[in-house]
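Participant: Take a look at this one; I'll ask things after.
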Amino acid sequence: MVGVPMNYQRKRILFYSVLAGLLTILLILVSFSLDSSGYQLQGSSSTPALIPHQVDAQIVESPSQAPVEVYPFALDKPAPSLKITPDPPLLEEPKLPAVSTVTLNTYVPAPPNASAVSGAVQSTTRPTPLPSKISIPVLNYHSVTIDPGNVVVISPAKLEEQLIYLNDHGYTPVSLTTFISLIEGKDVEAAPEKPVLLTFDDGYIDNYEQAMPLLAKYAFPATLFISPGMSDQEGYLNWEQIKKLQEAGWDIQPHGMTHPHLPQLSVDQQAFEMLEARKQIEENLGTKADVYCYPYGEYNKTTLKLLKDHGFRYAFTIEQGFATNQQSPYLLKRLFINGEEGLKSFIRKLSAHD
């Protein structure tokens with residue numbers, strides 16, 4: 001009976017020993033598991049556990065993760081806060097301007113099927129096409145006599161040499177009326193192939209004595225610009241001679257009443273020079289005198305305005321070049337005939353188209 005209690009006692013000791021061993025093993029396993037994940041149990045070491053982190057990185061946790069305690073001394077600076085920038089407000093859609101009533105069709109004729117387009121604005125008129133360039137040489141002569149060294153004087157022999165060249169090379173000298181029709185694009189189909197206008201300035205008496213017979217020989221018309229106030233002076237045409245020139249096919253037009261320097265005159269004086277010259281020509285010859293030629297080739301804005309206001313149709317300058325329909329009607333160019341130059345120079349001028 002004595003041995004029974006002893007066996008019982010041994011069994012109890014053995015049981016508790018096994019139980020303690022199991023608990024020890026379990027504790028060792030738990031500690032090992034925590035160490036491998038980077039955590040230590042509090043109180044298991046004198047050094048506080050540090051949580052691995054990156055200072056500037058923001059740790060984004062999923063909702064399923066448990067909160068992690070971060071020790072204050074484990075950070076060099078406070079963790080940056082996550083600032084949420086609100087989305088910018090939506091831009092309002094810009095309001096488009098109202099549809100213009102002016103469309104391409106306003107300026108360009110619509111194609112035949114454009115009427116099928118709903119709401120299309122159609123033009124009722126077609127734009128006026130730009131006219132093709134019409135270019136005519138206008139020759140500018142003065143005195144026809146013998147005066148060596150004077151460039152505005154041409155000898156009768158040189159004048160005839162030039163007339164022969166025009167005649168033999170297909171040029172057609174035209175009247176002033178025909179010239180205007182051509183420059184305005186009228187009767188284009190009947191236009192001569194190489195028209196040319198011959199003009200004589202100032203009204204020298206040698207135009208009647210020398211030039212008229214030569215032009216009559218070749219049946220060439222011409223235009224004469226005269227200053228009626230000089231008709232009684234020596235060396236200039238009188239009205240009887242002027243009428244003879246008109247009968248021979250010359251057009252007579254104003255060149256100022258007294259051949260003045262127009263820019264040096266007042267408005268009233270300029271108007272008198274223009275209007276009185278025109279009046280005397282029309283009264284003496286019974287023809288229209290509305291084409292002007294500037295004395296000395298000089299003019300200013302006042303001159304141009306007066307010509308327009310008083311109904312002059314055209315005006316000739318001494319600016320060099322061919323007269324064209326693209327020039328101002330009051331600034332038509334001409335080709336100055338230098339009496340000292342030869343035939344080759346004359347031919348070059350006729351060949352140099354603007």
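The values are calculated or read from the model by the stated rules, or taken from the named source; none is laboratory data. Just so you know, these numbers come straight off a predicted model, no measurement behind them. Note: ideal-geometry Cβ built from the backbone for every residue, glycine included; neighbour counts use all protein chains shown. These area figures cover heavy atoms from the full protein model, side chains too; ligands, DNA and RNA do not enter into them. Shrake-Rupley method; radii C 1.70, N 1.55, O 1.52, S 1.80 Å.
Participant: Quick one: in the stretch 302-315, which of the residues that are open to solvent by 20 Å² or more (accessible area, probe 1.4 Å) and closer than 19 Å to Arg334 by Cβ is nearest to the chain's Cα centre (by Cα)?
Facilitator: Restricting attention to the stretch 302-315, the residues satisfying the condition of being open to solvent by 20 Å² or more (accessible area, probe 1.4 Å) are 302, 304-305, 308-311, 313-314.
Add one more test, that the residue is closer than 19 Å to Arg334 by Cβ, and what stays is 304, 313-314.
Details: Leu304: 27, Arg313: 30, Tyr314: 28 Å.
Here the answer is Leu304.
Residues are listed down the side, and each one gets a yes or a no for (1) buried (at least 17 other Cβ atoms within 10 Å of the Cβ); (2) in contact (Cβ under 8 Å) with a residue 12 or more places away in the chain:
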{"site": "Glu283", "(1), (2)": "no, no"}
{"site": "Gly297", "(1), (2)": "no, yes"}
{"site": "Asn300", "(1), (2)": "no, yes"}
{"site": "Thr317", "(1), (2)": "yes, yes"}
{"site": "Gly321", "(1), (2)": "yes, yes"}
{"site": "Asn325", "(1), (2)": "no, yes"}
{"site": "Leu331", "(1), (2)": "no, yes"}
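Participant: Tell me which of these Gly235 doesn't satisfy, since it passes every other one: (1) of a type in the set (Gly, Ala, Ser); (2) more than 42 Å from the chain's Cα centre (by Cα); (3) within 13 Å of Leu224 (Cα to Cα).
Facilitator: (3)
Participant: Take Gly170 and tell me if it is open to solvent by 30 Å² or more (accessible area, probe 1.4 Å) and touching a Lys or Arg at 6+ places or on another chain (Cβ under 6 Å).
Facilitator: Numbers: open to solvent by 30 Å² or more (accessible area, probe 1.4 Å): yes; touching a Lys or Arg at 6+ places or on another chain (Cβ under 6 Å): yes.
When the stated conditions are applied, Gly170 passes them.
Participant: When you look at Arg348, is it open to solvent by 20 Å² or more (accessible area, probe 1.4 Å), closer than 28 Å to Leu215 by Cα and touching a Pro at 6+ places or on another chain (Cβ under 8 Å), yes or no?
Facilitator: Numbers: open to solvent by 20 Å² or more (accessible area, probe 1.4 Å): yes; closer than 28 Å to Leu215 by Cα: yes; touching a Pro at 6+ places or on another chain (Cβ under 8 Å): no.
Considered against the rule, which asks whether it is open to solvent by 20 Å² or more (accessible area, probe 1.4 Å), closer than 28 Å to Leu215 by Cα and touching a Pro at 6+ places or on another chain (Cβ under 8 Å), Arg348 comes out as no.
Participant: Which of the strands (runs of 3 or more DSSP E) contained wholly in the stretch 136-238 include at least 1 residues that are farther than 25 Å from Ser351 by Cβ? Step through it out loud before you land on a result.
Facilitator: Working: elements: 138-141, 195-202, 222-226.
Here the list reads 195-202, 222-226.
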